[in-house]
Amino acid sequence: MKQNKTNAARLLDQRNIPYQLRDYPVDELELGAEHAAQALGEDPWRLFKTIVLKGDKGGYFVCVVPAPCEIDLKKAARISGNKKCEPVHLRELLGLTGYIRGGCSPIGMKKLFPTYIHKSALRFNTILCSAGQRGLMFQIAPQDLMLAASATAADLIIDCEHMGV
């Protein structure tokens, strides 16, 4: 069966960035990244979720963090040049990015926002992140994701146990 390409996948194709699309069954009641990792049979530490935030000074920005972890809003604010920040409301997400919850990719948003990927991504040969729709992930080298999203590696999470980050 031929998979439909998302805008994010088309952007990777245009830039000749290698990736693999991985699909999984969507559970509308459980849209979290950890559920996606389980459905794909993958280590949840390799699966990264996309969080869109709004800072008090610098406007909107994007953080990509490991599925089992919580974003540290103080670290995210500091890295992005803000004093404080908060996640955008779900009702704003589609209009702002072109994506919905559970399918928000760090690549191919309506506008290129400053993007930060948690530094632990660089420990892996490949990571997984949303390809721009629910039930579809990219498997991609973290350096290639950073290139495609014009992202910077940073410390963005509340210290997670069992990870050593």
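Placing a label point 7 Å from the Cα of residue 155 along the Cα-to-Cβ line, the residues of segment 75-89 whose backbone N sits under 15 Å from it are 75-80. For segment 15-84, the relative contact order is 24 percent, taking Cα pairs closer than 8 Å that sit 6 or more residues apart in sequence and dividing their mean separation by the residue count. Each Cα pair under 8 Å and six or more residues apart adds its sequence gap; the mean of these over the residue count of the chain is a relative contact order of 27 percent. In a simple Cβ point-charge model (Lys, Arg +1; Asp, Glu -1; nothing else charged), the chain has a dipole of about 740 debye relative to its Cα centre. As a quick test, which of the pairs 5/57; 84/110; 49/110; 84/119 have an alpha carbon distance above 30 angstrom in this structure? Pairs exceeding 30 Å: 5/57.
Highest mean packing comes first when the peptides 8-14, 83-89, 138-144 are listed by Cβ atoms within 10 Å, giving 138-144, 8-14, 83-89. Packing here is the average count of other Cβ atoms within 10 Å per residue, and on that basis the peptides 15-28, 91-104, highest first, run 91-104, 15-28. The residue among 141, 96, 52 whose Cα reaches farthest toward the positive pole of the charge dipole of the chain, with charges on the beta-carbon of Lys, Arg, Asp and Glu, is 96.
The trypsin sites (Lys or Arg not before Pro) found in segment 32-75 that occupy coil by DSSP, while having at most 13 further C-beta atoms within 10 Å, are 57. Rolling a 1.4 Å probe over the heavy atoms of the protein chains gives the chain an accessible area of 52 Å² per residue.
The values are calculated or read from the model by the stated rules, or taken from the named source; none is laboratory data. Since this is a predicted model, take the numbers as computed values, not measurements. All Cβ positions, glycine included, derive from the backbone under ideal geometry; neighbour counts span all protein chains shown. Side chains are part of the model used for accessible areas, which takes the heavy atoms of the whole protein and leaves out ligands, DNA and RNA. Shrake-Rupley method; radii C 1.70, N 1.55, O 1.52, S 1.80 Å.
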